[in-house]
Amino acid sequence: MAPTTICLINQKGGCGKSSTCFHLAGAFAQAGLNVLLVDADPQGSLSQGFFGSEFVECLPEQLTVATLLDDDRFPADDERLIHTTEFERIAVFPANHHAAAFNTPCPETAGLSQYAMREFIERQKEFDIVLVDCPPNLYRCSWSAMLAADWALIPVPPEDPGTQGLRAVHQAIGQAHQLNPRLELLGHLVTRSDRRLLVHRTYQQRLRELYGELVFKTVIPEASAFKVALACRKPVQNYSPNSVAADLTARLSREILDRIALKNKQRRVA
């Protein structure tokens, strides 16, 4: 059985896509799920979070996600592509600068390689859940991720720069759905929130007015525990298991799983 795959996508940078993937992996693993993180961002931030920049930047193209984007790609050896981490149940398929050359506009014009990520993930039957970290654009890397995913999750900071491009993201998900009918919007996740700020409270309220139940109840704050844990290359669940940040991440992981279960039930009824 293929794993459940969620791509975290937003065309804006600084929305918390990579950090959400990083910390959610710890929460899912703690819940007993085998987690594969696919880094589809040429910046490689998620990969560097676990392995450091020196190791990740030196990886050759054929050992990174770039090998799935190249129409003349190397034969993929899955075992060499997936890197275990020091954390039980968490593995990473890394990315680095090699993917940048393939992250081009008009991704729907790409050849069969646009399905390579989906084929790769479908082979990873030892994993329960796959989180794909997308770059801050809607080019080929994000497109490949959407064609591979069952669900799209949109991290949204509650302020203008984070919310302005949502319509384009929704349109991209709709276009990808035509080639991948499994893909569905799982919801919007409010990230980097500071409830002391009126502007943040106002935008969060506006998001809920616009999208209703498609906005997750759990809100991820701008908390130092997330940043310190990431700097120490540990998901917050492992670095500070008793912190508010760890509790919120666990709460989010449960809400995601509950939402997926409910939507799958609705699909079966329909």
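The values are calculated or read from the model by the stated rules, or taken from the named source; none is laboratory data. This one's a predicted model, so the numbers in the text were calculated from it and none came from an experiment. Here the Cβ positions follow ideal geometry from the backbone for every residue, glycine too, while neighbour counts run over all protein chains shown. Surface accessibility is based on the protein's heavy atoms, side chains included, excluding ligands, DNA and RNA. Shrake-Rupley method; radii C 1.70, N 1.55, O 1.52, S 1.80 Å.
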- Item | Sole exception among (1) under 24 Å from Gln48 (Cα atoms); (2) touching a helix residue (DSSP H, G or I) at 6+ places or on another chain (Cβ under 7 Å); (3) open to solvent by 40 Å² or more (accessible area, probe 1.4 Å) for Ala223, by number | (3)
- Look through the range 106-127, keep the residues that are in a loop (DSSP other than H, G, I, E, B) and open to solvent by less than 70 Å² (accessible area, probe 1.4 Å), and return whichever of them is nearest to Gly49 (Cα to Cα). Phe127
- Query: Given the conditions (1) under 28 Å from Cys106 (Cβ atoms); (2) assigned to a loop (DSSP other than H, G, I, E, B), and given that Ser142 satisfies all but one, which numbered condition is not satisfied?
  - Reply: (2)
- Message: Just to check your reading of the model, which residue among Arg208, Arg233, Arg267, Arg195 is open to solvent by 60 Å² or more (accessible area, probe 1.4 Å), at pLDDT below 95 and in contact with a helix residue (DSSP H, G or I) (Cβ under 7 Å, 6 or more places away or on another chain)?
- Response: Arg195
- Query: From the set of residues in the range 31-42 that are within 18 Å of Ile256 (Cα to Cα) and assigned to a loop (DSSP other than H, G, I, E, B), which is most open to solvent (accessible area, probe 1.4 Å)?
  - Reply: Ala31
- Message: Considering only residues that are more than 19 Å from Asn264 (Cα to Cα) and among the aromatic types (Phe, Trp, Tyr), which ones fall in the range 174-224?
- Response: Tyr203, Tyr211
- How many residues of the range 45-62 are open to solvent by less than 30 Å² (accessible area, probe 1.4 Å) and hydrophobic (A, V, I, L, M, F, W, C)? The answer is 4
- Return a yes/no flag: does the range 43-58 have any residue that is closer than 21 Å to Ala2 by Cα and either over 13 Å from the mean Cα position of the chain (by Cα) or assigned to a helix (DSSP H, G or I) (or both). no
- Task: Could you tell me whether the range 151-174 includes any residue that is small (Gly, Ala, Ser), modelled with pLDDT under 95, assigned to a loop (DSSP other than H, G, I, E, B) and more than 30 Å from Arg89 (Cβ to Cβ)?
- Result: yes
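Within the range 236-262, which residues are in a loop (DSSP other than H, G, I, E, B) and open to solvent by less than 60 Å² (accessible area, probe 1.4 Å)?
Ser240, Ser243
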- Of all residues in the range 128-142, how many are open to solvent by 10 Å² or more (accessible area, probe 1.4 Å) and closer than 18 Å to His97 by Cβ? 4
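Results for (1) under 23 Å from Ser45 (Cα atoms); (2) of a type in the set (A, V, I, L, M, F, W, C); (3) in contact (Cβ under 8 Å) with a residue 24 or more places away in the chain, shown as yes or no for each residue.
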{"site": "Gln114", "(1), (2), (3)": "yes, no, yes"}
{"site": "Gln124", "(1), (2), (3)": "yes, no, yes"}
{"site": "Phe127", "(1), (2), (3)": "yes, yes, yes"}
{"site": "Trp143", "(1), (2), (3)": "yes, yes, yes"}
{"site": "Val156", "(1), (2), (3)": "yes, yes, yes"}
{"site": "Pro181", "(1), (2), (3)": "no, no, no"}
{"site": "Leu185", "(1), (2), (3)": "no, yes, yes"}
{"site": "Arg201", "(1), (2), (3)": "no, no, yes"}
- Take the residues in the range 87-105 that are out of contact with any Cys (no Cβ under 8 Å at 6 or more places or on another chain), over 26 Å from Asp128 (Cα atoms) and in contact (Cβ under 8 Å) with a residue 40 or more places away in the chain, then tell me which one is surrounded by the most Cβ atoms within 10 Å (Cβ to Cβ). His98
